[in-house]
1. Within segment 44-58, does at least one residue satisfy the condition of being in contact with a helix residue (DSSP H, G or I) (Cβ under 9 Å, 6 or more places away or on another chain), closer than 11 Å to ALA115 by Cβ and among the hydroxyl-bearing types (Ser, Thr, Tyr)?
2. So which of SER123, SER73 is buried (at least 16 other Cβ atoms within 10 Å of the Cβ), touching a residue at least 24 places away in the same chain (Cβ under 8 Å) and among the polar types (S, T, N, Q)?
3. Quick one: is LEU64 touching a Ser or Thr at 6+ places or on another chain (Cβ under 7 Å) and over 16 Å from ALA115 (Cβ atoms)?
4. Mind listing whichever residues of segment 1-51 are over 24 Å from TYR111 (Cα atoms), in a loop (DSSP other than H, G, I, E, B) and either under 15 Å from the mean Cα position of the chain (by Cα) or modelled with pLDDT of 75 or more (or both)?
Amino acid sequence: MLQMHCHGKDKAMDDWKSELETIRAEMGDYAAKQGATQQGFAALHGASLAPGALGTKEKELIALAIGIARQCSYCIGIHIQACIAAGATRPEIEETVNVSVLMGGGPALMYGMKALEAYDQMSA
């Protein structure tokens, strides 16, 4: 039976890399059982973030801002990793947090702090 490792919305992630390894393993388990859905999502993900008029880094920063505004810790972690891989700097992440706060208010500010924490942990 598929079990998802879920945390409460306000749980702090002390070790972002470990948490992301866990969720990726769980997503792999889900994909093994629900392959068509996961393949469709993976195709959408790849097409949406492929370079075009906007580069991959800019698209990842947008995805990060949405993850922050939607208060999705795992989305934040996954897109922080991708932002780092795409060459995003801490000042770029900070400005992305600013935009997410514009759209998501005070709760987005709290998740923006999580994003900066994740960036600091994963870029070290």
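The values are calculated or read from the model by the stated rules, or taken from the named source; none is laboratory data. Just so we're clear, the structure is a prediction, and the values are computed from it rather than from any experiment. Positions of Cβ are backbone-derived with ideal geometry, glycine not excepted, and every protein chain shown enters the neighbour counts.
1. Within segment 44-58, none of the residues are in contact with a helix residue (DSSP H, G or I) (Cβ under 9 Å, 6 or more places away or on another chain), closer than 11 Å to ALA115 by Cβ and among the hydroxyl-bearing types (Ser, Thr, Tyr).
2. The unique qualifying residue is SER73.
3. It is false that LEU64 is touching a Ser or Thr at 6+ places or on another chain (Cβ under 7 Å) and over 16 Å from ALA115 (Cβ atoms).
4. GLN34, ALA50, PRO51, listed by residue number.
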